[in-house]
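Enquirer: This is the structure, below, for whatever I ask next.
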Amino acid sequence: MPKEIIMPKFGFTQEESEILEWLNEEGDKVEKGDPIAVVSTDKISMEVEAPETGILSGIRYQIGDLVPVTEIIAYILQPGEKFPETEKKTEKKTEKKSGESKKVIEKAGKSATPIAKKLIEEKSLDINNITGTGEKGKITKTDVKNFLSKKKVFTGKINATPAARRIGTEENVSLSEIVGSGPDSRIQAGDVHKKILSSTKTVTGSDIPIIRTIPLIGMRKTIAQNMQRSMQEAPHMTLQIDIPMDALEKMRKEINSEQGKKSERVSLTAFITKAVALSLKRNPILNSQYSEKEIKILGKIHVGIATALDDGLIVPVIHNADQKDVRLISKEINDLAERARKAKLKPEDLSNGTFTISNLGMYEIDRFTAIINPPQTAILAVGKMNRYLIPTDNDILAIQKIISFNLSADHRVMDGVQAAKFLSDLKNIILEPKVLLI
């Protein structure tokens with residue numbers, strides 16, 4: 001029996017995915033579990049696997065198409081096996097339309113060459129919309145192809161993928177001016193992008209050309225919506241604290257000297273993550289979610305680590321961070337970052353974060369303010385570790401390693417004192433870092 005390949009649902013709120021790439025072609029033999037397509041959700045790119053061994057057949061969508069979740073995108077057939085009845089019905093509908101097109105040609109009284117007639121029937125075109133250039137106005141094969149290249153089909157619609165239509169609408173690009181590169185000259189999302197890039201339109205009132213337009217779709221659109229919602233709805237209050245890192249760095253150096261492999265060394269981010277988790281445990285109001293009717297204090301601490309990608313930002317999550325050893329946290333952070341770069345993350349890797357850390361220290365940023373990631377109620381911005389000449393308790397100047405930590409908190413959920421206590425506890429934990437090894 002033919003095996004359906006459906007568009008998976010990668011999240012509770014997901015309604016559709018865009019097909020980014022087919023890894024196999026029609027008729028290829030595939031093994032169960034083989035990746036056969038790459039699709040994009042609003043957060044990440046995911047692979048669709050073959051549900052069983054067989055022959056990939058009946059691919060129903062092209063690259064750039066937006067497909068509703070649970071929709072059949074293709075089939076796996078066994079040698080000699082035929083398509084299911086539903087596909088046959090689809091073929092019959094196509095034949096019926098072809099027959100109707102033939103009648104339209106006959107009624108129209110227009111003449112066409114045999115090849116042109118065949119094309120008109122196959123594409124279900126209205127012959128009245130096609131201008132013939134042959135002898136006595138006869139429609140030729142070239143006339144039909146020229147008509148198709150303009151994307152004028154019998155429904156009056158342009159032959160384009162849903163993704164191409166969406167981008168065209170968002171970017172105010174006329175699809176009628178684009179020649180498609182897909183099957184039957186169908187306009188793909190990539191065709192619209194090329195049109196945008198080659199466009200000569202300029203900024204209003206200026207002669208500065210627009211060299212690139214980034215479509216607000218997928219991950220970029222999700223980020224834009226979340227950040228706008230956060231800034232409009234959540235009154236951000238920000239607090240900063242500078243924390244000496246010498247004791248923590250000394251302990252980290254000692255631990256890493258015992259590690260045989262470089263890959264097993266514990267990162268500074270892992271220690272900060274554990275310290276944040278312990279401070280959240282002491283200050284649970286920051287480990288919460290806000291709604292119009294209530295504030296939910298969450299019973300588990302899942303710390304998200306903001307990670308930059310070429311096309312946006314994602315937040316892989318360290319689940320139950322307060323209960324994990326720093327070595328395990330470091331290993332998980334490295335694994336998540338590596339899989340993020342290779343687009344191998346799974347939905348569960350990004351789910352249920354209760355607090356976020358954003359670290360830009362590796363980019364030489366001394367300090368910055370981050371925007372809260374809804375529905376969370378706080379986010380911690382971590383800057384670069386700098387060396388400062390600081391007077392000690394004995395009024396002796398000494399060089400210390402300092403990191404600036406900036407907390408953004410939702411003032412609807414907590415007051416300044418509660419946010420300040422979180423930072424104070426975080427500082428005390430880092431100053432006495434042995435607690436992180438318990």
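The values are calculated or read from the model by the stated rules, or taken from the named source; none is laboratory data. Note that this is a predicted model, so its numbers are computed, not measured. Here the Cβ is made from the backbone with ideal geometry for all residues, glycine too, and neighbour counts use every protein chain on show. Only protein heavy atoms, including side chains, enter the accessible area calculation; ligands, DNA and RNA are left aside. Shrake-Rupley method; radii C 1.70, N 1.55, O 1.52, S 1.80 Å.
Enquirer: Limited to region 247-279, what total is found for residues that are closer than 24 Å to HIS302 by Cα, open to solvent by 20 Å² or more (accessible area, probe 1.4 Å) and among the basic types (Lys, Arg)?
Expert: So the answer is 2.
Enquirer: Filter region 357-375 for residues that are surrounded by fewer than 17 Cβ atoms within 10 Å (Cβ to Cβ) and either over 30 Å from SER291 (Cα atoms) or touching a helix residue (DSSP H, G or I) at 6+ places or on another chain (Cβ under 6 Å) (or both) and give the result.
Expert: Answer for region 357-375, where residues must be surrounded by fewer than 17 Cβ atoms within 10 Å (Cβ to Cβ) and either over 30 Å from SER291 (Cα atoms) or touching a helix residue (DSSP H, G or I) at 6+ places or on another chain (Cβ under 6 Å) (or both): MET362, TYR363, GLU364, ILE365, ASP366, PRO374.
Enquirer: Now, a different point. Can you give me the number of residues within region 199-221 that are farther than 25 Å from PHE368 by Cβ, open to solvent by 60 Å² or more (accessible area, probe 1.4 Å) and modelled with pLDDT of 70 or more? Give the steps one after another, and end with the answer.
Expert: First, pick out the residues of region 199-221 that are farther than 25 Å from PHE368 by Cβ: 199-213, 215, 217-218.
Next cut, open to solvent by 60 Å² or more (accessible area, probe 1.4 Å) only: 200-205, 207-209, 211-212.
Still in the running and modelled with pLDDT of 70 or more: 208-209, 211-212.
Of the residues in region 199-221, 4 are farther than 25 Å from PHE368 by Cβ, open to solvent by 60 Å² or more (accessible area, probe 1.4 Å) and modelled with pLDDT of 70 or more.
Enquirer: Moving on. What number of residues in region 169-185 are assigned to a loop (DSSP other than H, G, I, E, B) and open to solvent by less than 40 Å² (accessible area, probe 1.4 Å)?
Expert: Residues of region 169-185 that are assigned to a loop (DSSP other than H, G, I, E, B), as a first pass: 172-174, 178-182.
Right, trim to open to solvent by less than 40 Å² (accessible area, probe 1.4 Å) and you get 173, 178, 180, 182.
Counting residues in region 169-185 that are assigned to a loop (DSSP other than H, G, I, E, B) and open to solvent by less than 40 Å² (accessible area, probe 1.4 Å) gives 4.
Enquirer: Going by the conditions given, is LYS43 modelled with pLDDT under 75, open to solvent by 30 Å² or more (accessible area, probe 1.4 Å) and part of a loop (DSSP other than H, G, I, E, B)?
Expert: Working: modelled with pLDDT under 75: yes; open to solvent by 30 Å² or more (accessible area, probe 1.4 Å): yes; part of a loop (DSSP other than H, G, I, E, B): yes.
Yes.
Enquirer: Which one of ILE357, ILE379, ILE402, ILE390 is of a type in the set (Val, Ile, Thr), at pLDDT below 95 and in a strand (DSSP E or B)? Quick ask: steps written out before the conclusion?
Expert: Working: ILE357 fails: at pLDDT below 95; ILE379 fails: at pLDDT below 95; ILE402 fails: at pLDDT below 95.
ILE390 is the lone residue from the list that is of a type in the set (Val, Ile, Thr), at pLDDT below 95 and in a strand (DSSP E or B).
Enquirer: Follow-up. Is one or more of the residues making up region 67-90 modelled with pLDDT under 85, over 22 Å from the mean Cα position of the chain (by Cα) and closer than 30 Å to THR142 by Cα?
Expert: Checked against the condition, which is being modelled with pLDDT under 85, over 22 Å from the mean Cα position of the chain (by Cα) and closer than 30 Å to THR142 by Cα, region 67-90 yields at least one hit.
For (1) over 17 Å from GLY190 (Cβ atoms); (2) buried (at least 21 other Cβ atoms within 10 Å of the Cβ); (3) polar (S, T, N, Q), each residue gets a yes or a no:
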| position | (1), (2), (3) |
| --- | --- |
| GLU15 | yes, no, no |
| ILE19 | no, yes, no |
| GLU25 | yes, no, no |
| GLY33 | yes, no, no |
| GLU47 | yes, no, no |
| PRO51 | yes, no, no |
| LEU56 | yes, yes, no |
| ILE63 | no, no, no |
| TYR75 | yes, yes, no |
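Enquirer: Okay, moving on. Is it fair to say ILE6 is open to solvent by 40 Å² or more (accessible area, probe 1.4 Å), at pLDDT 90 or above, over 14 Å from the mean Cα position of the chain (by Cα) and under 30 Å from ALA224 (Cβ atoms)?
Expert: Criteria met by ILE6.
Enquirer: Still on this model: Restricting attention to region 302-314, which residues are at pLDDT 90 or above, among the hydrophobic types (A, V, I, L, M, F, W, C) and surrounded by 21 or more Cβ atoms within 10 Å (Cβ to Cβ)? Step through it out loud before you land on a result.
Expert: If we filter region 302-314 for residues that are at pLDDT 90 or above, which is where we start, we get 302-306.
From the residues that got through so far, the ones that are among the hydrophobic types (A, V, I, L, M, F, W, C) too are 303, 305-306.
Across region 302-314, the qualifying residues are VAL303, ILE305.
Enquirer: Those residues that are surrounded by fewer than 15 Cβ atoms within 10 Å (Cβ to Cβ) and over 20 Å from PHE405 (Cβ atoms), I need them from region 222-246; list them, please.
Expert: Selection gives ALA224, GLN225, GLN228, ARG229, MET231, GLN232, GLU233, PRO235.
Enquirer: So for region 290-302 (the condition being out of contact with any helix residue (DSSP H, G or I) (no Cβ under 8 Å at 6 or more places or on another chain) and small (Gly, Ala, Ser)), does at least one residue qualify?
Expert: Yes, there is a match, as at least one residue in region 290-302 is out of contact with any helix residue (DSSP H, G or I) (no Cβ under 8 Å at 6 or more places or on another chain) and small (Gly, Ala, Ser).
Enquirer: Right, another one. Taking the condition surrounded by 17 or more Cβ atoms within 10 Å (Cβ to Cβ) and either over 21 Å from GLN240 (Cα atoms) or out of contact with any strand residue (DSSP E or B) (no Cβ under 6 Å at 6 or more places or on another chain) (or both), does THR354 pass? Give the derivation first.
Expert: On the way: surrounded by 17 or more Cβ atoms within 10 Å (Cβ to Cβ): yes; either over 21 Å from GLN240 (Cα atoms) or out of contact with any strand residue (DSSP E or B) (no Cβ under 6 Å at 6 or more places or on another chain) (or both): yes.
Judged against the criteria, THR354 is a match.
Enquirer: Here's something else I'd like to know. When both residues are 6+ apart or on different chains and their Cβ atoms are under 6 Å apart, which pairs have a first residue that lies in region 320-346 and is farther than 20 Å from VAL48 by Cβ and open to solvent by 40 Å² or more (accessible area, probe 1.4 Å), and a second that is aliphatic (A, V, I, L, M) and outside any helix (DSSP H, G or I)?
Expert: ARG327/VAL266; GLU332/ILE318
Enquirer: With the requirement that a residue be surrounded by 12 or more Cβ atoms within 10 Å (Cβ to Cβ), among the β-branched types (Val, Ile, Thr) and under 19 Å from LYS250 (Cα atoms), what does region 383-438 give you?
Expert: Hits for region 383-438 are ILE390, ILE402, ILE403, ILE429, ILE430, VAL435.
Enquirer: Now for a different question. Cβ-Cβ distance below 7 Å, separation of 6 or more or different chains: which pairs start in region 164-187 with a residue that is closer than 23 Å to VAL144 by Cα and end on one that is open to solvent by 80 Å² or more (accessible area, probe 1.4 Å) and at pLDDT below 75?
Expert: Within 7 Å, the pairs are SER176/LYS150.
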